[in-house]
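Structure first, commentary second.
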Amino acid sequence: MIRHIVMFKLKEENLEENIARFVENSKTITCIPTVKKFEVRVNSKNANPANEEVALIFDFETWEDLETYRVHPDHVAFGQFMRTIRESRACIDYEL
């Protein structure tokens, strides 16, 4: 099993609106067939404000399934959307 975690620091301008847009738009990638488990997380209002604001956590059966997800048109479109609202991105992939 492969865990894929992606975290984003969003642009300060329209931050609350962009968090809501992120949560809504992330629904478009939950139905990609190779995704076994999917979570959307928003940083707690009580957490350090220097943290990233949002995260996606995925599980895939294989590295090939992760690659299939990566090039899937819905994921590509989501990535294009994210480039309009994000300041930075961090990612880690590891085997469970």
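Throughout, read-outs are computed from the coordinates displayed, never taken from laboratory work. Keep in mind that this is a model prediction, so the values were computed, not measured. All Cβ positions, glycine included, derive from the backbone under ideal geometry; neighbour counts span all protein chains shown.
If you go through the range 79-96 and keep only what is out of contact with any strand residue (DSSP E or B) (no Cβ under 9 Å at 6 or more places or on another chain) and among the aromatic types (Phe, Trp, Tyr), you end up with just Phe81.
It is to be established whether one or more residues within the range 55-73 are farther than 22 Å from Met1 by Cβ and under 14 Å from the mean Cα position of the chain (by Cα).
No: zero hits.
Which one is surrounded by the most Cβ atoms within 10 Å (Cβ to Cβ), of the residues in the range 45-96 that are part of a loop (DSSP other than H, G, I, E, B) and among the small types (Gly, Ala, Ser)? Spell out the reasoning first.
Keep residues of the range 45-96 that are part of a loop (DSSP other than H, G, I, E, B), which gives 45-53, 61-62, 72, 96.
From what's left, among the small types (Gly, Ala, Ser): 47, 50.
Numbers: Ala47: 11, Ala50: 7.
If we take residues in the range 45-96 being part of a loop (DSSP other than H, G, I, E, B) and among the small types (Gly, Ala, Ser), then Ala47 is surrounded by the most Cβ atoms within 10 Å (Cβ to Cβ).
Of all residues in the range 11-52, those satisfying the criterion of being among the hydrophobic types (A, V, I, L, M, F, W, C) and over 29 Å from Trp63 (Cβ atoms) are Leu15, Ile19, Ala20, Ala47, Ala50. The condition (being touching a residue at least 24 places away in the same chain (Cβ under 8 Å), among the aliphatic types (A, V, I, L, M) and not in a loop (DSSP other than H, G, I, E, B)) is satisfied by just one residue among Val6, Val35: Val6.
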